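Below you'll find the structure, written out as structure tokens, and then a few comments.
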Amino acid sequence: MSPAALLRALPLAVLLLLGPARAVRQARRPNVVLILTDDQDVCLGGMPIPFGAFLSDPLKKTNALIAQMGITFVNAEKNSKYYNYTLSVNGKARRHGENYSVDYLTDVLANMSLDFLEYKSNFEPFFMMIATPAPHSPWTPAPQYAKSFQNVSAPRNSNFNIHGKNKHWLIRQAKTPMSNSSIQFLDDAYRKRWQTLLSVDDLIEKLVKKLEANGELDNTYIFYTSDNGFHTGQFSLPIDKRQLYEFDIKVPLLVRGPGIKPNQTNKMLVANIDLGPTILDIAGYDLNKTQMDGMSLLPLLRGDKNVTWRSDFLVEYQGEGYNGSDPTCPGLGPGVTHCFPDCVCEDSYNNTYACVRTLSASWDLQYCEFDDREVFVEVYNLTADPHQINNIAKTIDQEILEKMNYRLMMLQSCSGATCRTPGVFDPG
């Protein structure tokens, strides 16, 4: 979901019924639960994959109850408040204050979900979506978790606090090295993000236990994912989510449910556009009647053999900027936004780009074009350069560039089944 859309969206639990009633519980179609976190990364420890990579894991229960009981997709790519907010509940405004016991939003959503499971019909399958505020800013943890992870800091990997050479101007403008205050700020944000996820972990534990108590766990698909990733200091950008790099586009996707063997990982390229077709497929809808760009994940979830799957996907972002000057850094002029006190800005109008990411036996390539005066191009071979430090746009074979450019234009204009034609390195 784009940041602009996030500003318009309320983090509500959406509860719907799917399909016709069934007289016999065992014969009915499965239930579906979709849990969507806000700004949860994979690459920097927001969702450690494989689990156990971090000894201090904020989602230990989620690991045990979903990941270890189902399948983890390791190539899934796609303003919250915790207090003092208003929910629309069946069309009626419900205002909340700042009393933890009744107002902390992650817990409120958990309780709404449990109430739904308690009082819903027992004869119809259901779809339930729970969209939590965590770990979005302002990173307000529950009181009992406010002192957790005190010794945790943002990962210092090879693209941390370095100059983004040969990248788009917005990345090049970041000041390197970052100031001590910026590093302290991003480390604090990193810890608080983990703290907020502990309440999500509690939510999932309560949800799974309730489904089990109701005798419905074995007939329920549970999906856990996020809308986008996040960065903390990569290429000297303090914190945000709007760039084309792996840390901002890669998200967690964990699934458990009927027919899914436990403790699996899957390396197929899946995207948020696949969730809709998958849920419709589970509900028994004929996907041939749709024009959806995504594909049902059911064959992958079941472990079907010889599944035909995509080898590439599209990434797009529309940059944002003030018509006037950013109030934090007025000297920079119009067109930028999300600037920090040392005038490092995370977004601009011409931070508008489209990318194609293609995966083959020999290549893991990302090709990106910016919609700006330069028509700036960035290309990365993530097989050799997983942290996307070296832009190889000027050195890669021109024929590959042309193929990637053509594929990008095709994916930007396709619809439905036409998006599922062979990729750059596919046969046929």
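The values are calculated or read from the model by the stated rules, or taken from the named source; none is laboratory data. These figures come from a predicted structure and were not determined experimentally. All Cβ positions, glycine included, derive from the backbone under ideal geometry; neighbour counts span all protein chains shown.
Odds and ends about this structure:
- Index of the failed condition, residue 406 passing every other in (1) loosely packed, with under 15 Cβ neighbours inside 10 Å; (2) at pLDDT 95 or above; (3) within 12 Å of residue 168 (Cα to Cα); (4) of a type outside the set (S, T, N, Q): (3)
- Any hit, the stretch 194-208, residues being crowded, with 21+ Cβ neighbours inside 10 Å and either in contact with a Cys (Cβ under 8 Å, 6 or more places away or on another chain) or closer than 25 Å to residue 352 by Cα (or both): no
- Some residue of the stretch 81-94 being modelled with pLDDT of 90 or more, over 26 Å from residue 241 (Cα atoms) and part of a loop (DSSP other than H, G, I, E, B): no
- Condition met for residue 268 (touching a Lys or Arg at 6+ places or on another chain (Cβ under 9 Å), within 30 Å of residue 353 (Cβ to Cβ), surrounded by 16 or more Cβ atoms within 10 Å (Cβ to Cβ) and at pLDDT below 95): yes
- Tabulated pairs, the stretch 381-402, first at pLDDT 95 or above, second among the β-branched types (Val, Ile, Thr), C-beta under 6 angstrom, 6+ apart or interchain: 392/379; 393/377; 393/379; 396/379
- With respect to (1) in contact with a His (Cβ under 6 Å, 6 or more places away or on another chain); (2) part of a helix (DSSP H, G or I), the lone exception for residue 102 is condition (1).
- Condition broken by residue 305, with the remaining ones in (1) within 17 Å of residue 242 (Cα to Cα); (2) part of a loop (DSSP other than H, G, I, E, B) satisfied: (1)
- Residue ID - nearest to the chain's Cα centre (by Cα), chosen from residues in the stretch 265-316 that are small (Gly, Ala, Ser) and within 19 Å of residue 425 (Cβ to Cβ): 271
- In the stretch 222-242, the condition of being in contact with a Phe, Trp or Tyr (Cβ under 8 Å, 6 or more places away or on another chain) and of a type in the set (Asp, Glu) is met by at least one residue.
- Of the residues making up the stretch 141-186, just one is hydroxyl-bearing (Ser, Thr, Tyr), in a loop (DSSP other than H, G, I, E, B) and buried (at least 17 other Cβ atoms within 10 Å of the Cβ), namely 148.
- Scanning the stretch 240-258 for residues that are part of a loop (DSSP other than H, G, I, E, B) and either among the acidic types (Asp, Glu) or closer than 24 Å to residue 278 by Cα (or both) yields 251, 252, 257, 258.
- Residue match in the stretch 340-349 (condition: under 28 Å from residue 403 (Cβ atoms) and either at pLDDT below 95 or in contact with a Ser or Thr (Cβ under 7 Å, 6 or more places away or on another chain) (or both)): no
- For residue 91, the conditions (1) over 26 Å from the mean Cα position of the chain (by Cα); (2) under 21 Å from residue 41 (Cα atoms); (3) among the small types (Gly, Ala, Ser) all hold with the exception of (2).
- Sole residue being surrounded by fewer than 20 Cβ atoms within 10 Å (Cβ to Cβ) and either of a type in the set (Ser, Thr, Tyr) or more than 27 Å from residue 229 (Cβ to Cβ) (or both), chosen from 331, 276: 331
- Restricting the stretch 100-125 to residues that are touching a strand residue (DSSP E or B) at 6+ places or on another chain (Cβ under 9 Å) and over 17 Å from residue 209 (Cβ atoms) leaves a set whose member that is modelled with the lowest pLDDT is 121.
- Test: residue 221 is of a type outside the set (D, E, K, R) and either within 25 Å of residue 387 (Cα to Cα) or surrounded by fewer than 18 Cβ atoms within 10 Å (Cβ to Cβ) (or both): no
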